[in-house]
Amino acid sequence: MDALAVVHRNHYAEMEDNRGVDLRALIGELASNLRATASGDAAAMPIRMEVISAVTSQDIAVPVAFLITEVAEMAMYCDPAGGLTIRLSATDLPDRALLELIAPGLIGTACREHPAYPRFERVADGLARQLRASLRRGEPTGEIAITIAIIRNDAPSA
């Protein structure tokens, strides 16, 4: 999975309007690529998307793409049948959105004992630092959530 290439493709496609990276398009392409490149049992992992229309900067899009990819790959290792839901929703603030990655396969001891899990946690925490926010982990649902910066709808084009 080449998350960075997906971000760049979406960024440069949006540059004509100078609006930023369309998160719905970015997340849709990531989900398609994850499905297409998965092997074995992971190839059948359901990926659901519930994504508002929102635009962000490339500085935010890159760590968002990598975070989605990391969570999806860890879910594929632990329990691909559990699937992944990628949800991006509005918040009370017009320049913030809530990104929720819900993967029931991340719950429990079996996943935490997987050899890749410590690296996954380090990478996820590092991506959260890049996003200048903290990750919220929901143990009962396998949710990882973070608030990200988006470009306000009424912001003038630069």
Being open to solvent by less than 10 Å² (accessible area, probe 1.4 Å), closer than 18 Å to Ile107 by Cα and in contact with a helix residue (DSSP H, G or I) (Cβ under 7 Å, 6 or more places away or on another chain) is the requirement here; does Leu67 meet it?
yes
Show the residue pairs meeting these rules: Cβ distance below 7 Å; 6+ apart or different chains; first residue within the stretch 21-42 and more than 18 Å from Val71 (Cβ to Cβ); second residue open to solvent by less than 20 Å² (accessible area, probe 1.4 Å) and in a helix (DSSP H, G or I).
Val21/Val7; Val21/Asn10; Val21/Ala61; Asp22/Asn10; Ala25/Asn10
Considering the stretch 1-51, residues that are acidic (Asp, Glu), modelled with pLDDT of 90 or more and outside any helix (DSSP H, G or I), and then whichever is surrounded by the most Cβ atoms within 10 Å (Cβ to Cβ), we arrive at Asp22
So Leu26 fits all but one of (1) over 12 Å from the mean Cα position of the chain (by Cα); (2) under 25 Å from Ile151 (Cα atoms); what number is the exception?
(1)
Taking strands (runs of 3 or more DSSP E) that do not extend beyond the stretch 72-158, which have at least 2 residues that are surrounded by fewer than 14 Cβ atoms within 10 Å (Cβ to Cβ)?
84-90, 136-138
State which residue pairs qualify: first residue more than 15 Å from Asp22 (Cα to Cα) and inside the stretch 88-103, second residue open to solvent by less than 50 Å² (accessible area, probe 1.4 Å) and of a type in the set (D, E, K, R) in any location, beta carbons under 6 Å apart, and separation of 6 or more residues or different chains.
Glu100/Glu143; Ile102/Glu143
Regarding Leu67, is this residue touching a strand residue (DSSP E or B) at 6+ places or on another chain (Cβ under 9 Å) and within 18 Å of Ala25 (Cβ to Cβ)?
yes
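The values are calculated or read from the model by the stated rules, or taken from the named source; none is laboratory data. These figures come from a predicted structure and were not determined experimentally. Don't worry about glycine lacking a Cβ; one is built from the backbone with ideal geometry, like all the others, and counts go over all protein chains shown. The area values use the complete protein model at the heavy-atom level, side chains included, leaving out ligands, DNA and RNA. Shrake-Rupley method; radii C 1.70, N 1.55, O 1.52, S 1.80 Å.
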